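Visitor: One structure follows; several queries about it will come next.
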Amino acid sequence: MSELCPKRLSRRHFLSSVALTVLAGSAGPVLARSYQGGNLPWTSYAADPPRQVMPGGWKFFSEQEGRTIEAIADRMIPADNLSIGGKEAGCAVYLDRQLAGAYGNSSRLYTQGPFLPGLPTQGYQGADNPAQIYRKGLAAVDAYLKQNKGGKAFADLPPEEQDGFLTELEAGKVKLDGNVDGKALFNVILGNVMEGFFADPVYGGNKDMASWKMLGFPGARYDYRDHVSKFNEPYPHPPISIASQPFWAEK
């Protein structure tokens, strides 16, 4: 998709440019631990650990929706000699668990009106929560493709047709039923897929820390200040996940 990733940019360069933004703030539960109790001194690792996403069936997506998101993730982040693709990385699993939780129902956000059109830099400004966006959006995509692609679902299209559809969706050229804004839907999915690719594996994506290994990111290490000023030198240690930290081990 030329608008998504111009040919003059390498895949590594593109993914590197968004990695830090995604790692800084994702849809999932934040890594910061809230202090419980109110008494000082504060004890490190006293809060509840993040919940490890376990493999299994879909918690939010239907089978058809899951196939669609997996296929979209694989076109947004295709596998190559640098890393695995979005599907294998678990981007759809990450998103499924997020939509089944607080992110999906916006329980931690202010969601009352008025709802007014926002600037592109402000992101989504509508009344629907993420779960509603995906439920309506994927249904509209499925209906559009069945009407215009011989009854085929997105996952059943050849890669070049998948890319063509996503390019037109990104450009706002696809008119979806149900008052669904195709361009806005594309941007929501793209952001969530990137989150799943770069977030800590504890949340279900970034299988085997594939994206971190590709970028040379140290992961959830407590301290790597000795290496911050060593420019153009690869970090000498493998990345680690939150789940591998001994103080998060289940008791």
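Visitor: If 197, 217 are ordered by their accessible area, calculated over protein heavy atoms with a 1.4 Å probe, which sequence runs from highest to lowest?
Guide: 217, 197
Visitor: Where the centre of each part is set by its Cα atoms, how far does the stretch 130-204 sit from the stretch 76-110, in angstrom?
Guide: Value for the Cα centre distance between the two parts: 13 Å.
Visitor: I would also like to ask the following. Taking a cut-off of 28 Å between Cα atoms, list the lysines near residue 149, but don't count ones fewer than 8 places away on the same chain.
Guide: Within reach: 7, 87, 136, 173, 175, 183.
Visitor: Sorted by average packing, counted as other Cβ atoms within 10 angstrom per residue and highest first, what order do 124-137, 182-195 take?
Guide: 182-195, 124-137
Visitor: Could the peptides 206-213, 51-58, 103-110 be put in order, highest first, of the mean number of other beta-carbon atoms found within 10 Å of their residues?
Guide: The densest-packed peptide leads the list: 206-213, 103-110, 51-58.
Visitor: Once the piece of chain linking residue 225 and residue 108 is laid out straight, how much longer is it, given 0.36 nm per residue of separation minus the C-alpha distance between them?
Guide: 38.8 nm
Visitor: Need one value: the accessible area of residue 235 in square angstrom, 1.4 angstrom probe, rounded to the nearest 10.
Guide: Answer for residue 235: close to 50 Å² accessible.
The values are calculated or read from the model by the stated rules, or taken from the named source; none is laboratory data. Treat the numbers as computed from the prediction; the structure is a model and nothing was measured. All Cβ positions, even for glycine, are placed from backbone atoms using ideal geometry, and neighbour counts span all protein chains on display. For accessibility, only protein heavy atoms count, side chains too; no ligands or nucleic acids. Shrake-Rupley method; radii C 1.70, N 1.55, O 1.52, S 1.80 Å.
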